[in-house]
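The values are calculated or read from the model by the stated rules, or taken from the named source; none is laboratory data. Just so you know, these numbers come straight off a predicted model, no measurement behind them. Note: accessible area is taken over every heavy atom of the protein model, side chains too, but ligands, DNA and RNA are not part of it. Shrake-Rupley method; radii C 1.70, N 1.55, O 1.52, S 1.80 Å.
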Amino acid sequence: MVVSSCNKKQLMPKPNNLIPYDNMVVIIADSYVIESMVYYLSPDSDKVAITKSLYYDLFNKNNITKEQFTSSISYYLAEKSSAEKLLKSVSDN
């Protein structure tokens, strides 16, 4: 009989510039608003340019970079349990 223990391995190392959890909840909620706005734009709109502009404003408002947002969201969503917790917090926000 072989007995093994499972150590929880972190799938992704914590980024040096990780956005704090509470800030990330608000930022993701704001990104959902952006995505909804873009979804309902008229078909002849330049959705790519508008999306870039809205995210640029979101990043400036929160004093973050696109890279910081990307690495933070990747970190928080890397493990199922932390992803579920984060997305529940966003929906409760």
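Results, tabulated for the structure shown:
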| item | result |
| --- | --- |
| Label assignment, mean projected area of the Cα convex hull in nm² derived from the structure, set (i) 5.6; (ii) 8.6; (iii) 6.3 | (ii) |
| Sum of -39500 (n - 2.57) over DSSP H runs of 4+, divided by residues of the chain (222 nm, nearest 500) | -20500 deg cm²/dmol |
| Length gained when the stretch T70-D22 is fully extended (0.36 nm per residue, less Cα-Cα span) | 15.7 nm |
| Choice from V48, V33, V25 with maximal GNM fluctuation in the chain (Cα, 10 Å cutoff) | V48 |
| Listed residues A83, A29, A49, most fluctuating in the chain (Gaussian network, C-alpha, under 10 Å) | A49 |
| Most fluctuating residue given options I28, I50, I73, as computed from a GNM of the chain linking Cα atoms under 10 Å | I50 |
| Hits among aspartates and glutamates - C-alpha to C-alpha of K66 under 19 Å, sequence gap 8 or more where chains match | D22, D30, E35, D57 |
| The chain - percent of accessible surface contributed by carbon and sulfur, probe 1.4 Å | 56 percent |
| Surface per residue (accessible, 1.4 Å probe) for the chain, Å² | 75 Å² |
| Axial C-alpha extent at least 15 Å, average Kyte-Doolittle at least -0.5 - helices from the chain (DSSP) | 21-39, 47-61, 66-77 |
